[in-house]
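Report on one structure; see the data block that follows.
The values are calculated or read from the model by the stated rules, or taken from the named source; none is laboratory data. Source: prediction; values computed, not measured. Positions of Cβ are generated from backbone atoms using ideal geometry, with glycine treated the same way; all protein chains shown enter the neighbour counts.
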Amino acid sequence: MAARKIIIDTDPGQDDAVAILLALASPAELDVLGITAVAGNVPLELTARNARMVCELAGKPETLVFAGCDRPLAHDLVTAEHVHGKTGLDGPDLPEPTMPLQDGDAVDFIIDTLRAQPEKTVTLCPLGPLTNIAAALQRAPDIAVRIQEIVLMGGAYFEVGNITPAAEFNIYVDPEAAEIVFKCGAPITVMPLDVTHKALVTTARNETFRTLGTPVGIAVAQMTDFFERFDREKYGSDGAPLHDPCVTAYLLQPDLFSGRFINVEIETRSDLTRGMTVADWWRVTDRAPNAMFMGDVDADGFFALLTERLARL
């Protein structure tokens, strides 16, 4: 079977970095057509830099990396240095990238790629705010029917919010963009906090990464060493959730995840719940389902897959 063609849209972020590494370690299954950077965890200049650093760490400097939107569609940018550090990739000491940032705009790359490839053969994998994806849909509405699937990390239902009481960070940063994406009509699969908070990097799992003894394994261990301090203190958990790699793992091994096909709406107006993913988990409305909203993950299987693939780099 031919490798699935994907575009990774990202705001690295340590967990974004692990998601990218997992994809680049799996060329038989995933054909990474390009990586598009968006402002989110840190400003665009740093996310575009970090994406290239991760490609070079993986030994894949030929990967195309484009810079996209530097702010949300309608509001000022909210960032998360308090979680990811001032660079977004604090933890490992990675060299500055030497591979080039591609000419041209990430949004145009998304549009041009979807138009050039056969219909429904390209999957979009947003790991951060949905600004680039929404901007592409606004600029070129014809691409919506060409998307094979959008598999995104964002939102929450039972786990409520991690940046406000009601909202998950990626959706909160640009809820107007999220609203456009969830209403676009393309097939959508969501990896919310309900799943990612079950994919915890415990001390034992992190030591497994470290004992790979490779630059990738050691760097991943150092990344999670850094950002787990925030989540351990906040949630009292046994480790840090690896949010974004759930997207890549789903593409590789979908049977690790389970969920429900339900309606998901985005709150954009309320001061209290702005950015909330209003997920009709119990199907109590008559709103048409528009997303496969995941609720559970086989965490042991997830980390077995992740460790095995990282060992290939």
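For Arg309, the conditions (1) in contact with a Leu (Cβ under 7 Å, 6 or more places away or on another chain); (2) among the basic types (Lys, Arg); (3) at pLDDT below 95 all hold with the exception of (3).
Of the residues making up the range 91-102, not a single one is touching a residue at least 40 places away in the same chain (Cβ under 8 Å) and in a helix (DSSP H, G or I). Within the range 43-50, can one find any residue that is surrounded by fewer than 24 Cβ atoms within 10 Å (Cβ to Cβ), of a type in the set (A, V, I, L, M) and in a strand (DSSP E or B)? No, there is no match, as no residue in the range 43-50 is surrounded by fewer than 24 Cβ atoms within 10 Å (Cβ to Cβ), of a type in the set (A, V, I, L, M) and in a strand (DSSP E or B).
Collect the residues in the range 85-107 that are within 17 Å of Ala67 (Cβ to Cβ), under 20 Å from the mean Cα position of the chain (by Cα) and of a type outside the set (A, V, I, L, M, F, W, C), keeping them in residue-number order. Those that are within 17 Å of Ala67 (Cβ to Cβ), under 20 Å from the mean Cα position of the chain (by Cα) and of a type outside the set (A, V, I, L, M, F, W, C): Thr87, Gly88, Asp105. Looking only at residues in the range 176-194 that are touching a Pro at 6+ places or on another chain (Cβ under 9 Å) and part of a helix (DSSP H, G or I), the one that is surrounded by the fewest Cβ atoms within 10 Å (Cβ to Cβ) is Glu176. If you go through the range 85-122 and keep only what is out of contact with any Lys or Arg (no Cβ under 6 Å at 6 or more places or on another chain) and among the polar types (S, T, N, Q), you end up with Thr87, Thr98, Gln102, Thr113, Gln117. Please specify each residue of the range 183-225 satisfying the condition of being in contact (Cβ under 8 Å) with a residue 24 or more places away in the chain, among the small types (Gly, Ala, Ser) and over 27 Å from Ile163 (Cβ atoms). Scanning the range 183-225 gives Gly185, Gly217. The residue that is nearest to Ile147 (Cα to Cα), counting only those in the range 1-41 that are acidic (Asp, Glu) and in contact with a Gly (Cβ under 8 Å, 6 or more places away or on another chain), is Asp9.
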